[in-house]
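Reviewing the structure listed below.
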Amino acid sequence: MGLDLSLTAIPKEGTTILEKAKRRQNSEYSTIIFSLHRAFDTNFNDFGHSEWIEFKKDAQNLAKHYPNKKFENKYYLDTNRTYEVFDYLIAKKLHPNRNFKETPPFFYDGILCDFSQSGQGHYLMLWDYKIIQKKNDILNRFDFEQYYEMYNLQNMLDEGVYKIHQIAANTQELKSIFNQIKKFLKNALELEGYVIVFKI
């Protein structure tokens, strides 16, 4: 099974869901949170299960705290399995003489939420405003072409970059996702809340 990483920006009121998940970490509620961006949709399937019904209600209430009182796609980003490529490019640009896995990853990093775990065994990560700002500053330090200068397929294979065979120098896709990440971080900063990092 492949891994993917996505980001969801939430208003500061979203801490109520996180706190509830922490209190009930041994319940299904703490794992349903991995479906958060889908639960904002009124058509989200709650399966008639009490905890799913409760979570859907909490997500629907949270959606009212977004601008325009609704969740919009600009607050969600799927990295389309490119997250380690960007981890590599950023790490090599900032620390050219180190193995990228010896440096903190750009994406799966932040405040560990060990009360909520995906089926693949990955915990939630949380970015507060300061972390979002730091990520934004790093990404804006150089343009895409300057980061892409660090692309070296053989080195990336040697250092174990995830799914590099599938991505294999698809420059246009990488540039598109790079721009999406920048827009997402800008929107997250304007929201003045948090970003949840989901690795599933």
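Applying the selection to the stretch 54-99, what residues are touching a residue at least 24 places away in the same chain (Cβ under 8 Å), within 29 Å of Thr15 (Cβ to Cβ), assigned to a helix (DSSP H, G or I) and aliphatic (A, V, I, L, M)?
Ala59, Leu62, Ile90 - these are the residues of the stretch 54-99 that are touching a residue at least 24 places away in the same chain (Cβ under 8 Å), within 29 Å of Thr15 (Cβ to Cβ), assigned to a helix (DSSP H, G or I) and aliphatic (A, V, I, L, M).
Output the qualifying pairs, or none if there are none: Cβ atoms under 7 angstrom, residues six or more apart or on different chains, first residue in the stretch 149-168 and under 12 Å from Phe100 (Cα atoms), second residue at pLDDT 90 or above and among the β-branched types (Val, Ile, Thr).
The qualifying pairs are Val161/Val85.
Inside the stretch 101-137, can you point out the residues that are closer than 17 Å to Ala9 by Cα, part of a loop (DSSP other than H, G, I, E, B) and not hydroxyl-bearing (Ser, Thr, Tyr)?
Phe106, Phe107, Asp109, Gly110, Asp128
Restricting to the stretch 1-53, what's the tally of residues that are outside any loop (DSSP other than H, G, I, E, B) and under 30 Å from Asp87 (Cβ atoms)?
Going through the stretch 1-53, the residues outside any loop (DSSP other than H, G, I, E, B) turn out to be 5-10, 12-23, 29-39, 50-53.
Filter once more, so that each one left must be under 30 Å from Asp87 (Cβ atoms): 5-10, 12, 14-15, 17-19, 21-22, 30-39.
Summing the residues that are outside any loop (DSSP other than H, G, I, E, B) and under 30 Å from Asp87 (Cβ atoms) in the stretch 1-53 gives 24.
Given the criterion crowded, with 16+ Cβ neighbours inside 10 Å and not small (Gly, Ala, Ser), identify the matching residue among Lys186, Lys163.
Result of the check over Lys186, Lys163: Lys163.
Exactly one of these conditions fails for His65: (1) more than 25 Å from Ser176 (Cβ to Cβ); (2) crowded, with 20+ Cβ neighbours inside 10 Å; (3) touching a strand residue (DSSP E or B) at 6+ places or on another chain (Cβ under 9 Å). Give me its number.
Among (1) more than 25 Å from Ser176 (Cβ to Cβ); (2) crowded, with 20+ Cβ neighbours inside 10 Å; (3) touching a strand residue (DSSP E or B) at 6+ places or on another chain (Cβ under 9 Å), His65 violates only (2).
Contact list please: Cβ distance under 9 Å, first residue in the stretch 22-34 and under 19 Å from Asn45 (Cβ atoms), second residue among the β-branched types (Val, Ile, Thr) and modelled with pLDDT under 95, pairs at least six apart or on different chains.
Note: pairs meeting the criteria are Phe34/Ile200.
So, Ala39, is that one farther than 27 Å from Asn140 by Cα, among the aliphatic types (A, V, I, L, M) and either modelled with pLDDT under 95 or surrounded by 17 or more Cβ atoms within 10 Å (Cβ to Cβ) (or both) or not?
For Ala39, the condition - farther than 27 Å from Asn140 by Cα, among the aliphatic types (A, V, I, L, M) and either modelled with pLDDT under 95 or surrounded by 17 or more Cβ atoms within 10 Å (Cβ to Cβ) (or both) - is met.
Which residues, counting only those in the stretch 141-190, are more than 18 Å from the chain's Cα centre (by Cα), aliphatic (A, V, I, L, M) and more than 30 Å from Glu72 (Cβ to Cβ)?
Met150, Leu153, Met156, Leu157, Ile164, Ala168, Ala169
State all residues of the stretch 1-30 that are among the hydroxyl-bearing types (Ser, Thr, Tyr), surrounded by fewer than 17 Cβ atoms within 10 Å (Cβ to Cβ) and more than 27 Å from Lys186 (Cα to Cα); if no residue qualifies, say none.
Narrowing the stretch 1-30 to residues among the hydroxyl-bearing types (Ser, Thr, Tyr): 6, 8, 15-16, 27, 29-30.
From what's left, surrounded by fewer than 17 Cβ atoms within 10 Å (Cβ to Cβ): 15-16, 27.
Residue satisfying the conditions is Ser27 alone.
The values are calculated or read from the model by the stated rules, or taken from the named source; none is laboratory data. Remember, predicted model here, so these are calculated numbers, not experimental data. A quick note on method: Cβ atoms are made from the backbone with ideal geometry, for glycine too, and the neighbour counts reach across all protein chains shown.
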